Amino acid sequence: MSEWMQAIAGLCAAVVAMVVLWPLRSSGKRAPFVAAVIAIGVAGVALYLLVGTPKAVDVVADEGPATLQQGVRELEQALEREPQRADGWALLGRSELALGNTEKANQAFSRAVSLAPDEAPLLVEAAQARAQGDSGKQFDDTALQWLKHAQQMDPASERAGWLIGIAQRQRGQDAEAAATWEALLPRLEPAAAAALREQIAIAREKAGMPAPADAAAPSVGLDIEVTLGPTSAGKALPAGTQLFVIARVPGGPPMPVAVEKHPATAVPLKIRLDDADSPMPTAKLSSLKDVEVFARLSASGTASRQEGDVDSEAVRVTLPHKGTIRLVL
């Protein structure tokens, strides 16, 4: 078993144990809590040894980290030997957060971001860690920059949009926060959308804006139908494959002006793209004369194109557009 995998297996198990068993500590039973965390951490390493490597039956493994602190030290030693591991630095950041060491956590996350600057989930996690380490729980300029870049990399990231809105409100940019959150509403479950509407109403009131109308006037939109062609219909898709329906500026940047995300199992699908699907408040679908529309099956679950993704043929239309745009994957 490699030192990397030993450190990671024990460390992950210990972190999970801390979360699961925290009520035991809170009840005052500190000794059983510590013993249980250590036991689960060691068990995590043992399980990897037995299941994760074919040679487990022939090899006597080294002992795993007995405590989370020891696991962190071993991970730090591994990173000294392999400092280019962004995943290792991110794991170190999470572990330091679990220990309450926010300064060290932020140093680790910053290192991870420098190695993987376009990984949206990492950018969001690192930004949130910076806010957690601030005495006022404020998103500083670096954190906000990371969040905006995460949204550029993955326009469908609800978490990035939510946190950007919080950062904007912290800066007194209430109108901008309301617009940011309004763009999230079409992607949320009804209960989450209702809760977010309450925050939008507060932001609009702070900005001196009128309350949202109960029934918005019809906006410029595109009616789109997505189907599978013969090749895609007969192909088994990886679990978690997502469908993105994207409108963007023809010949312009890859950043969508409108996007919707759905599970691949929803195909065939009929949707309407409009301003509510615009990930950036300053770039609305209705403000454009021409757009390019296409659909993408993404095994990675992100809107940015990755190797193995399946794209439909792009269709260019002039707004306002009547009729249904048919996209075949």
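Observations
- Some residue of the stretch 255-263 being in contact with an Asp or Glu (Cβ under 9 Å, 6 or more places away or on another chain), in contact (Cβ under 8 Å) with a residue 24 or more places away in the chain and either acidic (Asp, Glu) or assigned to a helix (DSSP H, G or I) (or both): yes
- Scan of the stretch 147-176 for residues that are within 21 Å of residue 286 (Cβ to Cβ) and either of a type in the set (A, V, I, L, M, F, W, C) or outside any helix (DSSP H, G or I) (or both), ordered by number: 155, 156, 175
- For residue 276: the one exception among (1) in a loop (DSSP other than H, G, I, E, B); (2) closer than 18 Å to residue 185 by Cα: (1)
- Total residues in the stretch 279-329, condition in a loop (DSSP other than H, G, I, E, B) and free of Cβ contacts under 8 Å to residues at least 60 places away in the same chain: 14
- So residue 289, is it among the charged types (D, E, K, R), modelled with pLDDT of 85 or more, within 16 Å of residue 225 (Cβ to Cβ) and surrounded by fewer than 18 Cβ atoms within 10 Å (Cβ to Cβ): no
- Test: residue in the stretch 292-311 that is surrounded by fewer than 17 Cβ atoms within 10 Å (Cβ to Cβ) and hydrophobic (A, V, I, L, M, F, W, C): no
- Screening 225, 158 for residues that are at pLDDT 90 or above and in contact with a Ser or Thr (Cβ under 9 Å, 6 or more places away or on another chain) leaves exactly one candidate, 225.
- When residue 198 is tested against (1) part of a helix (DSSP H, G or I); (2) on the phi > 0 side of the Ramachandran plot, just one condition goes unmet, and that condition is (2).
- Among residues of the stretch 106-138, those that are under 18 Å from residue 172 (Cβ atoms) and either modelled with pLDDT of 95 or more or assigned to a helix (DSSP H, G or I) (or both), counted: 1
The values are calculated or read from the model by the stated rules, or taken from the named source; none is laboratory data. Given the structure is predicted, the values throughout are model-derived calculations rather than measurements. We place every Cβ from the backbone using ideal geometry, glycine too, and count neighbours over all the protein chains shown.
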